[in-house]
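What follows is a set of notes on a single structure, which appears directly below.
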Amino acid sequence: MNLVSNLYQRFAHLVRELAKFGSVGAIAFVITLILSNALHNEAGLGMGPLSSNAIATVVATTFSYMANRYWTFRHRDRTGLGREYVLFFALNGVGLVITQLFIGFTHYVMGLTGPIAYNGALIVGTGVATLFRFWSYKKWVFLPVEAAQVDPHSGLPGVAPVEPDVPQAPQQAPQQVNGHTLPAPDLSRALGENPAEGYAEFTRTP
């Protein structure tokens with residue numbers, strides 16, 4: 001039980017992010033699925049499979065960015081709406097290419113043109129693209145907030161105070177008396193418990 005508890009505490013934050021990201025991704029996928037089928041279906045506009053998925057992805061991506069920015073990754077640093085939006089769409093473009101590869105291979109290479117094959121390729125391609133998106137969002141779009149330094153004494157954020165330099169007691173060379181070496185005097189005892197005050201008192205000129 002301790003191992004499970006420790007693992008949960010360590011990865012709880014990641015699990016919450018994954019749950020939120022998965023919820024947003026599920027809604028975005030439904031948007032993509034409904035809109036792409038409406039555009040591609042012969043009963044609808046009858047557009048091609050790739051163009052239908054591309055248009056639907058742009059609409060779903062706009063929703064996904066707003067939901068992830070203000071819900072999934074709202075605790076992360078905000079580096080500017082313009083920067084995030086451009087990067088978000090660029091990385092979603094990579095994800096779109098991944099999905100398009102699955103759809104194009106199924107439709108044009110394998111010759112499977114039915115709705116089941118189309119939606120199957122869409123689901124598999126979207127799943128692979130989703131893994132890439134989650135990793136890339138955390139790495140390049142929604143950056144972690146920089147952790148503030150913590151004072152080890154108070155436990156509060158802030159720079160720990162710098163300890164003042166305490167002057168060291170001067171070292172005296174051993175003295176020679178009648179050919180015998182006398183040990184150097186131990187000045188640490190003379191300086192007392194506070195070396196700074198003791199040193200000032202010891203070196204004061206009378």
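One residue stands out among those in segment 114-141 that are over 15 Å from Ala60 (Cα atoms) and among the charged types (D, E, K, R): the one that is surrounded by the most Cβ atoms within 10 Å (Cβ to Cβ), which is Lys138.
Given the criteria β-branched (Val, Ile, Thr) and under 27 Å from Leu14 (Cα atoms), does Ile103 qualify? So Ile103 fails the test. Tally time: how many residues in segment 102-130 are closer than 22 Å to Val30 by Cβ, assigned to a helix (DSSP H, G or I) and either under 33 Å from the mean Cα position of the chain (by Cα) or of a type outside the set (A, V, I, L, M) (or both)? Final tally of qualifying residues: 18. Screening Gly95 on (1) over 17 Å from the mean Cα position of the chain (by Cα); (2) at pLDDT 65 or above; (3) of a type outside the set (A, V, I, L, M, F, W, C); (4) surrounded by fewer than 11 Cβ atoms within 10 Å (Cβ to Cβ) shows it passes everything except condition (4).
Do we have any residue at all in segment 147-162 that's in a loop (DSSP other than H, G, I, E, B), at pLDDT 85 or above, surrounded by fewer than 11 Cβ atoms within 10 Å (Cβ to Cβ) and more than 18 Å from the chain's Cα centre (by Cα)? No: zero hits. If you check Ser51 against the conditions, is it modelled with pLDDT of 85 or more and either surrounded by fewer than 18 Cβ atoms within 10 Å (Cβ to Cβ) or not in a helix (DSSP H, G or I) (or both)? Answer is yes for this residue.
For segment 15-48, the candidate set comprises residues that are charged (D, E, K, R) and in a helix (DSSP H, G or I); within that set, the residue that is surrounded by the most Cβ atoms within 10 Å (Cβ to Cβ) is Glu17.
Show the residue pairs that are 6+ apart or on different chains and have beta-carbon atoms under 6 Å apart, the first residue being within segment 120-142 and in contact (Cβ under 8 Å) with a residue 24 or more places away in the chain and under 14 Å from Ala90 (Cα atoms), the second being aliphatic (A, V, I, L, M) and part of a helix (DSSP H, G or I). Within 6 Å, the pairs are Ala129/Ile98; Ser136/Leu91; Trp140/Leu87; Val141/Leu87.
Residues of segment 77-89 that are modelled with pLDDT under 75 and either of a type in the set (D, E, K, R) or within 7 Å of Phe142 (Cα to Cα) (or both): Asp77, Arg78.
The values are calculated or read from the model by the stated rules, or taken from the named source; none is laboratory data. Just so it is clear, the model here is predicted, and its values are computed rather than measured. Cβ atoms come from the backbone with ideal geometry, glycine included; neighbour counts cover every protein chain shown.
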